1. If you roll a 1.4 Å probe over the heavy atoms of the protein chains, what accessible area per residue do you get for the chain, in Å²?
2. Say a paramagnetic label sat at a point 7 Å from the Cα of ILE339, along Cα to Cβ; which residues of region 364-385 have their backbone N under 14 Å from it?
3. Checking a compactness column here: for region 286-444, what do you get for Rg(Cα) / (2.2 N^0.38 Å), N being the number of residues?
4. Rounded if a/c is under 1.5, else prolate if a/b is larger than b/c, else oblate: which is region 352-423, with a ≥ b ≥ c the root eigenvalues of its Cα gyration tensor?
5. Work out from phi, with θ = phi - 60° and the Karplus expression 6.51 cos²θ - 1.76 cosθ + 1.60, the ³J(HN,Hα) of each residue of region 174-191, listed in order in whole Hz, and give x for Gly and Pro.
6. Loop by DSSP (not H, G, I, E, B), at most 16 other beta-carbon atoms within 10 Å: where is the longest site-free stretch of the chain for GluC sites (Glu not before Pro)?
7. So what's the gap between the Cα centers of region 258-277 and region 346-384, to the nearest angstrom?
8. Compute the helix-to-body angle for 250-259: its Cα long axis versus the longest principal axis of the chain, expressed 0 to 90° and rounded to tens.
Amino acid sequence: MIELISNIPLIGGFLATVLPFVVVIGIVVFIHEFGHYIVGRWCGIHAEVFSLGFGKELYARTDSRGTRWRIGALPLGGYVKFLGDADGSSRPDRNSVEGMDAATLARSFPGAALWKRALTVLAGPVANFILTIVIYLGLIFWSGVAVDEARIGEIPASVAGETPLMQGDLVTAVNGEPVATFGDLARAVSESTAPVELDVIRDGQDLSLDVTNLRPPYVAGVRPLSAASRAGIRAGDLLLTADGQDLPDITRLQEIVQGSEGEPLEIVLRRDAQTLTVEMIPTEEDVPQPDGSFARQVIIGVSVSTYLQPQVRAAGPVEAVTLAVDRTINIVTGTFDGIGQMISGNVSPTNLQGPVGIAQVSGETAGQGLTNFIMLIALISTAIGLMNLFPIPVLDGGHLVFYAIEAVTGRVPSGKWVDFAMALGLAMVLSLMLFATYNDITRL
């Protein structure tokens, strides 16, 4: 669908970028704000406005509870304005609150008990984390989980003619060394040089297979906004030649890319049964190293691996939930690691992306298939939830800090101090967004 849209004359490329971005941000923001709304409602706090987007109102309706649901023209966020709020940032409207009777004050956000306000604010980020977990749950139930034994899963169409292996083969030994699990098989393959002799059981028969190469440059993933992504390379492609040179293995590909020094490369690849030729210009970027540090390297933005994949089985409910939570936690820890690397100077802050960069990533990811697009929603949902927990005024984490101070001191922080902190926090957030947008523009 995205490819068809991108081929529309004049506006196709723009729509292919903007539409996926609006979908991603719309879903993530709606879930975040709905978390605030529904928990506030459960706590007896009246929501006056639920807005998806900012600016000029494109659509609105008022429900039976008196909440105005609106869509704004600028799809860069959203807000819930509760009774007693001055605006969507939950800053109290003191003049309005002072004029409320007891019944109205009880339904307002400033008049709610401290624990109700805290839960309502916390509910937004938590809703984002729940969305991520639900997405991963769906993907795990859809795709299954790997079996423990060294049994071969689906052979990619681009590689099928290159290997004697078949789906369902049970590998028992690599070059005469027994293997019991798929992890054993993967380690043995990574340590072996071509050709490799595999002992397998196929349909109850013992076979010995000579496999010329188990580690050709098979594309397992493509990073958005990379040279490979812009050239149209996709996960599942098999890279055959680079700059006219054969690519017998992953190492040779790395050598050619590193030696290109950023000059254009012509890549010949196989996609399913088709042979295609693309051109790209490798880029120099910060690349993680095995020891956790980063180094500047010339890359094209693909992850390459052996084409061997394990067979899968259905996951049980408890196992699926555990895996989904683990994957969500991995995103959170990876984000903190990235922030730490930027603070320490190991990674340039120019890697930060703003709305333009996220729009580009959304468009390119949508072109790589529905599964990748859904995973992007999970990634951004986690990032939005985590960012909102940072202790910066105007963000949810800043409000929680105010509530912590109120809980400890027994009184609401001074209105003037809160206003100053909110203004400072807003300036920080806008400055960061402008810097990230500047990065986006310099990468165009």
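The values are calculated or read from the model by the stated rules, or taken from the named source; none is laboratory data. Here the structure is a predicted model, which is why all the values come from computation and not from measurement. With ideal geometry, Cβ positions are generated from the backbone for all residues, glycine too; neighbour counts draw on all protein chains shown. Side chains are part of the model used for accessible areas, which takes the heavy atoms of the whole protein and leaves out ligands, DNA and RNA. Shrake-Rupley method; radii C 1.70, N 1.55, O 1.52, S 1.80 Å.
1. Working: 22890 Å² over 444 residues.
The answer is 52 Å² per residue.
2. Within reach of a label on ILE339, which here means backbone N under 14 Å from a point 7 Å along Cα→Cβ, region 364-385 contributes 382-385.
3. 1.32
4. Prolate is the answer for region 352-423, as a/c is 1.5 or above and a/b outweighs b/c.
5. Computed from phi, the couplings for region 174-191 are 10, 6, x, 8, x, 10, 10, 10, 5, x, 4, 4, 4, 5, 5, 5, 5, 9 Hz.
6. 262-444
7. Measuring centre to centre over Cα atoms gives 24 Å.
8. Approximately 70 degrees, to the nearest ten.
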